[in-house]
Amino acid sequence: MQSPITIYTDGSCLGNPGPGGWAALLRSADGEQVLSGGEAGTTNNRMELTAALRALQALPSGSQAEFYTDSEYLRRGITEWLPGWQARGWKRKGGALANVELWQALAAAIQGHDIQWHWVKGHSTNRDNQRVDQLAREAMLKQK
């Protein structure tokens with residue numbers, strides 16, 4: 001049986017849109033994996049979703065994970081809004097769904113995993129959240 005995995009992710013953007021970065025930290029009894037990257041012209045929400053997607057894609061199949069994010073957009077999107085979007089053909093009640101391709105990829109990436117989603121206050125005393133925030137900012141600055 002695989003050991004549980006703890007995940008922290010964050011996205012950052014200078015301007016909205018503007019250069020952006022994302023980062024993910026995956027930790028288990030087997031060690032730690034850090035992922036990061038960026039895009040030249042993007043939004044903060046896209047970077048939050050990209051960080052989550054890259055972290056989920058790095059999980060071994062059938063993983064159990066505790067997922068921490070400071071993005072209510074990500075957490076509520078996955079835990080509350082996703083079933084409605086899927087039922088309406090990937091549309092919001094009010095029309096088009098922003099970042100639809102990322103939401104679709106996230107919906108596929110969570111399949112086969114047992115994930116508990118947690119919100120943490122950003123820019124607080126949570127050491128791992130601060131770490132991924134710094135890594136996302138560093139990745140963002142490389143896009144300038």
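The values are calculated or read from the model by the stated rules, or taken from the named source; none is laboratory data. Predicted model, so just to flag it, every value in this text is computed and none were measured. When we count neighbours, we look across all protein chains shown, and the Cβ atoms used for this are built from the backbone with ideal geometry, even at glycine.
Could you tell me whether LEU82 is in contact with a Phe, Trp or Tyr (Cβ under 8 Å, 6 or more places away or on another chain) and not in a loop (DSSP other than H, G, I, E, B)? So LEU82 passes the test.
When the residues of segment 73-91 are narrowed to those that are touching a residue at least 24 places away in the same chain (Cβ under 8 Å) and under 14 Å from the mean Cα position of the chain (by Cα), which ends up surrounded by the most Cβ atoms within 10 Å (Cβ to Cβ)? Applying the filter and picking the extreme gives LEU74.
Could you say whether any residue in segment 62-70 is assigned to a strand (DSSP E or B), of a type outside the set (Gly, Ala, Ser) and farther than 27 Å from GLU138 by Cβ?
Yes: segment 62-70 contains one or more residues that are assigned to a strand (DSSP E or B), of a type outside the set (Gly, Ala, Ser) and farther than 27 Å from GLU138 by Cβ.
Is it the case, given these coordinates, that GLU48 is in contact (Cβ under 8 Å) with a residue 60 or more places away in the chain, buried (at least 19 other Cβ atoms within 10 Å of the Cβ) and of a type outside the set (Gly, Ala, Ser)? Judged against the criteria, GLU48 is not a match.
Being touching a residue at least 60 places away in the same chain (Cβ under 8 Å), over 14 Å from the mean Cα position of the chain (by Cα) and closer than 23 Å to SER12 by Cβ is the requirement here; does ARG127 meet it? It is false that ARG127 is touching a residue at least 60 places away in the same chain (Cβ under 8 Å), over 14 Å from the mean Cα position of the chain (by Cα) and closer than 23 Å to SER12 by Cβ. Summed over segment 92-126, the residues that are at pLDDT 95 or above and among the charged types (D, E, K, R) give a count of 2.
Restricting attention to segment 1-33 and to residues that are within 19 Å of ILE115 (Cα to Cα) and hydrophobic (A, V, I, L, M, F, W, C), the residue that is surrounded by the fewest Cβ atoms within 10 Å (Cβ to Cβ) turns out to be MET1. For ASP70, indicate whether it is at pLDDT 95 or above and under 14 Å from the mean Cα position of the chain (by Cα). Answer is yes for this residue. If the condition is being of a type in the set (S, T, N, Q) and under 19 Å from SER71 (Cα atoms), then segment 1-56 contributes THR6, THR9, SER12, ASN16, SER36, THR42, THR43, ASN44, ASN45, THR50. Taken over segment 92-141, residues that are surrounded by fewer than 13 Cβ atoms within 10 Å (Cβ to Cβ) and of a type in the set (D, E, K, R) amount to 5. The selection criterion, being more than 18 Å from LEU26 (Cα to Cα) and free of Cβ contacts under 8 Å to residues at least 12 places away in the same chain, holds for GLY95.
Of all residues in segment 103-144, how many are assigned to a helix (DSSP H, G or I), farther than 20 Å from TRP85 by Cα and not polar (S, T, N, Q)? Show your work before the answer.
So the first thing to find is which residues in segment 103-144 are assigned to a helix (DSSP H, G or I), and the list is 103-109, 127-141.
Of the ones still in play, those that are also farther than 20 Å from TRP85 by Cα are 127-141.
Those left that are additionally not polar (S, T, N, Q): 127-128, 131-133, 135-141.
Qualifying residue count, segment 103-144: 12.
If you go through segment 7-42 and pick out every residue that is within 18 Å of ASN99 (Cβ to Cβ), touching a residue at least 40 places away in the same chain (Cβ under 8 Å) and not in a strand (DSSP E or B), you end up with 0.
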